[in-house]
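The values are calculated or read from the model by the stated rules, or taken from the named source; none is laboratory data. A quick note: this is a predicted structure, and the numbers were derived from the prediction, not measured. No Cβ is skipped: glycine too gets one built from the backbone with ideal geometry, and neighbour counts run over all protein chains shown.
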Amino acid sequence: MLKKVLVCEDEDSIREFVVLNLQRSGYDVVDVNCGEDAIKAFDEAGGQFDVALLDIMMPGIDGMQVCKRIREKSNSIGIIMLSAKSQEMDKISCLMSGADDYITKPFSISELIARVDAVCRRVSRSSSKPEEASVMTSGPFTLNLKSRTVFKNGEQIDLTQVEYQIMEYFFRNQNTALDRTSILKHIWGESYYGDDKIVDVNIRRIRMKIEDEPSNPKYILTIWGYGYKWSGGNP
């Protein structure tokens, strides 16, 4: 079954170029030229998209708002933002809004396809279930490998697929310092084009969801100049 991609880009030439190359790469593509139509297309399809490519700068409902709306309805879809902006804060804002990745224009089609392929692999891993349920625990947290859910003190934490995979990686490496590069390669793949700041932003998002005091974390500890360590709340 073909993977389904929603493309929202208001520049016709860019949208047509992206759609053509995604179709050549074997993707089923639905394209729209504004945020309002992106939300409508998502709803009409019952959210059955694997990936959404969203341009940030659009009249009316911009890509950032579309990202937030879609993420509120689905934690499984992969979201990649497209923008001519290159400022660091724009990247961080996109990722904090729920995006999985960010591509700055102009981009090569090989880079775009590689990013979409990587997100689709994560979506596929999220939908595949092992034969037997398996549960991992750490402090007040329980991670269910079959349902791909995380609970804190019995209450489910609302995580995106990327956030879940980072948590799983931490659970499998408890009390071990993990450098940013290893986290990046494990979650985003060996061929990821971007920089490791995407790791920091996702860690920040996770801390906001799991920590009692995100500014003073006790579960995901920062190893300055290196990376992070999962303590599970242990001293």
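General observations
- Any hit, region 77-88, residues being farther than 18 Å from residue 192 by Cβ, in the same structural domain as residue 30 (by TED's automatic domain parsing) and within 11 Å of the chain's Cα centre (by Cα): yes
- From the options 187, 206, residue that is closer than 17 Å to residue 151 by Cβ and touching a helix residue (DSSP H, G or I) at 6+ places or on another chain (Cβ under 6 Å): 206
- Against the test of being under 28 Å from residue 156 (Cα atoms), among the acidic types (Asp, Glu) and surrounded by fewer than 16 Cβ atoms within 10 Å (Cβ to Cβ), the options 72, 16 yield a single qualifying residue, 72.
- Just so you know, in region 107-133 the residues that are part of a loop (DSSP other than H, G, I, E, B) and modelled with pLDDT of 85 or more include one that is surrounded by the fewest Cβ atoms within 10 Å (Cβ to Cβ), and it is 108.
- Test: residue in region 145-158 that is surrounded by 14 or more Cβ atoms within 10 Å (Cβ to Cβ), farther than 18 Å from residue 183 by Cα, at pLDDT 90 or above and among the aromatic types (Phe, Trp, Tyr): yes
- Strands (runs of 3 or more DSSP E) contained in region 154-235 and holding at least 2 residues more than 21 Å from residue 95 (Cα to Cα): 155-157, 227-230
- Screening residue 64 with (1) modelled with pLDDT under 90; (2) buried (at least 17 other Cβ atoms within 10 Å of the Cβ) gives one miss only, at (1).
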